[in-house]
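This report concerns only the one structure given below.
The values are calculated or read from the model by the stated rules, or taken from the named source; none is laboratory data. All values derive from a computational prediction rather than experimental measurement. Every residue, glycine as well, gets a Cβ built from its backbone with ideal geometry; the counts of neighbours run over all protein chains shown. These accessible areas exclude ligands, DNA and RNA; they are computed on the full protein's heavy atoms, side chains included. Shrake-Rupley method; radii C 1.70, N 1.55, O 1.52, S 1.80 Å.
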Amino acid sequence: MTKVNRRRFLSIAGAGGAALGTPLLGSGEPDEREMSSSDLSGMVDRYLTGIAKRQWKEHAVTMAFLRTAEDVKARQQYIHAKIWQALGGFPAKKTPLNARVSGTLERDGYRVEKLIYESLPRYYVTANLYVPTIGKGPFPAVLGTAGHAKDGKAFELYQRGFIGLAKRGFIVLAYDPPDQGERMEYLDSATGKSLVGGSMTAAHTMSGLQCVLTGGNIARYELWDGIRAVDYLLSRKEVDPKRLAVVGNSGGGTQSAYMAAVEPRLAAACPSCYITSWKALWEGPGPQDAEQDFTGFLKDGLDFVAFLIAFAPKPIQMMTATKDFFPIKGARATYAEAQHVFSLLGKQSHVGYFEYNDHHGWSKPRREATYAWLEQWLQGRTDSKPEGDFKVEPPANLKCTRTGQVATSLHGKTVQILNEELAERMYPHRKAASFESTAALGELISARLAIAPPQGAPKAKGLRRISRSGYVIDRVLIESEPGIIVPASVFIPDTASKRRRRAVIAASEAGKASDAKPGGRLESLIRAGYVVISPDLRGFGESRPSQKGKSGYSGPFQTDMRAILVGKTMVGMQVFDLLRVFHYAAARPDIDGSRISVIGTGTAGVIALYAAAIQPRIRTVVMENSILSYMDIVRTRVYAKNLQDLIVPGVLHDFDLPDIAKALGKKVVVINPLSPDGLAMPLTEAVGEYGREARMRRTGSGPRSYL
């Protein structure tokens, strides 16, 4: 524990706070917010920020040691390998594009072809191909990647950029990303609206986290659309194959930066309103969309500059806005890093930087900067003219499908379906499928959760004691690890006992206060003679992130993404906390360490199952109102939002929750299992998941009879 955090911890415990097992005495009912102060609010993010700061320092050291062109080449190889790993690789082979043009618009100086192609079988991409009708080909060609706009490729500001390029002699292939434009993947045919809300980021998060479970990222599919778009461009005789570029703003800036890193056939790039630094983004608006949060990105020593380095020494220009939510401070710092790298290759002029004093968006100044950069490097011109006035098309004019949506016109596949198919292929080959040793499974789980099972009793301090009829409640603080405090309520029966008592650790997604009221569901256990410990694992109860995060994202989502970026997982950290609480319980003089069971309610049911697999001394594990399988999440089109806390990158390569339950056998009790959509799961399905050894029941009476 740092000096500052140790002082904070002792301050919370109170001057002269009691030692383990001898809590402070008090009277009256507990104040459920007595520890809900700034000391615990934001605790998880502060902890993760401490890890990130160490990783940023390591990155700075790495950058400082790039001193030769050979150093840069070695760094490029490392970056490519890590990005490939984070994406989950690409499909093993390219399948027929089956490209067809569904219509054409003839305009002044260019025409628009309404194109549909299949980047994967029955995975349809809607696109507009802008072809100059003035001048002689072959022309340089540009991929136009759309940002998070509902109209996708047809959004007005994007159209202006695409038309502006076409009028300057560039072919432009502008395509809709998944769940934008004509590719809504969660379309409710009855209402015409999205099943997951009006924001594209919500849809990308929904399928994006499913992609994380299979060891990849939703960007895998976005980039494959772009790679296949390059294949299509190279099939056109009007295109010069040596003069290809990618441009895009916001989410399109993300895709264009990524494409620069993964597509070697590109000759130039102009990502707009995306590149900053992770330090500035972390401390400002926080993590953004699922495709922008690569697993282990910071742990692996990477930052935004990695995309520029990967493209070096080919010409790439950063386009920024001083008032962007992608912080300008970070953009300037990243540009300085990139200049250093490009200078080592003797190509410092190949990394460009354009800054304008406005807000986020592909505004006219940044569009004109795009034109100038591409004219310079792909046309050999330095006399770029301002963008003129011209009309854009109503979005309906640019529709490629009959109904305006792939879902209703072509009934194609979605990211969720593609990821599910991938999961089904890998599932029979998961490592746990061939395991016979529970101990080996525990080691596999610990490695995948990125935790080291704790040993020994943690430090703990008593706060106060509250008396109730038949029992008392001790309020304690448990130090799980430096910077992390787990507040807990310990319910102790008044009845005399010469023996150490049985104990139950009852963790709930809703927090310890949810069952602490007189007459609450825990009282039946207390009156049966159990010592009950109800903890707020990090992220629950008093340390729960605010539901309202930054820049439109939920607080829990941003915390989950921070964890993934630094090589942690929320569920893994919570399992660690639960194991620390177990060791606290086992060390208490009034508890029999061989008779400790764990109850997990909601997402805590999965945490409890993990803990029982890692700690064999846990006698029984009860999962109540919990999901039973990661594969169930992958197979569910729209799952409950709270399940994002359970996401473990690549978990399905190693194991699924039924593997754990079958290894534990009769230790496992399942009460009121849920499907990932939040609805009750039939017990027959639950038995199919966990086998007949696990005890199952649908009841409102609680878990007492199973302990």
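Would segment 180-192 turn up any residue that is in a helix (DSSP H, G or I) and either touching a helix residue (DSSP H, G or I) at 6+ places or on another chain (Cβ under 7 Å) or open to solvent by 10 Å² or more (accessible area, probe 1.4 Å) (or both)?
no
Which of the residues spanning segment 399-443 are of a type in the set (A, V, I, L, M) and either in contact with a strand residue (DSSP E or B) (Cβ under 8 Å, 6 or more places away or on another chain) or under 27 Å from Pro91 (Cα atoms) (or both)?
Scanning segment 399-443 gives Val406, Ala407, Leu410, Val415, Ile417, Leu418, Leu422, Ala423, Met426, Ala432, Ala433.
Note down all Cβ pairs under 7 Å where the first residue falls in segment 415-433 and is open to solvent by less than 40 Å² (accessible area, probe 1.4 Å), the second is aromatic (Phe, Trp, Tyr), and they're at least six residues apart or on different chains.
If the second residue must be aromatic (Phe, Trp, Tyr), the pairs left are Val415/Tyr221; Leu418/Tyr123; Leu418/Tyr221; Arg430/Phe655; Ala432/Phe655.
Please give the number of the condition Gly650 fails out of (1) more than 30 Å from Leu565 (Cα to Cα); (2) open to solvent by less than 20 Å² (accessible area, probe 1.4 Å).
(1)
Go over the candidates Thr133, Thr126, Thr145 one by one and state the one that is under 15 Å from Gly361 (Cα atoms), hydroxyl-bearing (Ser, Thr, Tyr) and touching a residue at least 24 places away in the same chain (Cβ under 8 Å).
Just a single option satisfies the conditions, and that option is Thr145.
Looking at segment 336-374, which of its residues are outside any strand (DSSP E or B), among the hydrophobic types (A, V, I, L, M, F, W, C) and either in contact with a strand residue (DSSP E or B) (Cβ under 7 Å, 6 or more places away or on another chain) or within 20 Å of Gly251 (Cα to Cα) (or both)?
Result: Ala338, Phe342, Trp362, Ala369, Trp373, Leu374.
Would you confirm whether any residue within segment 534-549 is touching a Ser or Thr at 6+ places or on another chain (Cβ under 6 Å) and among the aliphatic types (A, V, I, L, M)?
No - not one qualifying residue is present in segment 534-549.
How about segment 240-256: which of its residues are open to solvent by less than 10 Å² (accessible area, probe 1.4 Å) and in a strand (DSSP E or B)?
Leu244, Ala245, Val246, Val247, Gly248, Asn249
Which of the residues belonging to segment 193-222 are polar (S, T, N, Q), in contact with a His (Cβ under 9 Å, 6 or more places away or on another chain) and part of a loop (DSSP other than H, G, I, E, B)?
Ser199, Thr214
If we only count helices (runs of 4 or more DSSP H) wholly inside segment 490-587, which ones have 2 or more residues that are at pLDDT 95 or above and either within 21 Å of Ile614 (Cβ to Cβ) or open to solvent by 10 Å² or more (accessible area, probe 1.4 Å) (or both)?
Output list reads 555-565, 570-587.
When you go through Lys193, Lys167, Lys237 one by one, which is the residue that is at pLDDT below 95 and either within 24 Å of Met426 (Cβ to Cβ) or not hydroxyl-bearing (Ser, Thr, Tyr) (or both)?
Lys193
Can you tell me which condition Asn357 does not meet? The list is (1) out of contact with any Gly (no Cβ under 7 Å at 6 or more places or on another chain); (2) open to solvent by 20 Å² or more (accessible area, probe 1.4 Å); (3) closer than 30 Å to Arg67 by Cα, and all the others hold.
The single condition Asn357 does not satisfy is (3).
Go through segment 508-547 residue by residue and tally those that are farther than 21 Å from Arg468 by Cβ and among the aliphatic types (A, V, I, L, M).
Qualifying residue count, segment 508-547: 1.
What's the total number of residues in segment 483-505 that are among the hydrophobic types (A, V, I, L, M, F, W, C) and farther than 19 Å from Leu463 by Cβ?
Qualifying residue count for the region: 3.
Taking the conditions exactly as written (out of contact with any Cys (no Cβ under 8 Å at 6 or more places or on another chain), assigned to a loop (DSSP other than H, G, I, E, B) and not aliphatic (A, V, I, L, M)), does Glu420 satisfy them or not?
Considered against the rule, which asks whether it is out of contact with any Cys (no Cβ under 8 Å at 6 or more places or on another chain), assigned to a loop (DSSP other than H, G, I, E, B) and not aliphatic (A, V, I, L, M), Glu420 comes out as no.
In the list Lys314, Lys299, Lys323, which residue meets the criterion of being among the basic types (Lys, Arg), free of Cβ contacts under 8 Å to residues at least 40 places away in the same chain and not in a helix (DSSP H, G or I)?
Lys323
Quick one: would you say Ala396 is out of contact with any Leu (no Cβ under 6 Å at 6 or more places or on another chain), open to solvent by less than 20 Å² (accessible area, probe 1.4 Å) and outside any strand (DSSP E or B)?
No; evaluated as a whole, the condition is false for this residue.
Restricting attention to segment 59-95, and to residues there that are exposed (fewer than 12 other Cβ atoms within 10 Å of the Cβ), in contact (Cβ under 8 Å) with a residue 24 or more places away in the chain and not β-branched (Val, Ile, Thr), which single residue is nearest to Ala338 (Cα to Cα)?
Only one residue tops the list, namely Arg67.
Tell me which residues, restricted to segment 154-179, are open to solvent by 20 Å² or more (accessible area, probe 1.4 Å) and either β-branched (Val, Ile, Thr) or within 31 Å of the chain's Cα centre (by Cα) (or both).
Selection gives Phe155, Glu156, Leu157.
Select from segment 658-692 the residues that are farther than 17 Å from Phe435 by Cβ and part of a helix (DSSP H, G or I) and write down the one among them that is least open to solvent (accessible area, probe 1.4 Å).
Among those residues, the one meeting the criterion is Ala686.
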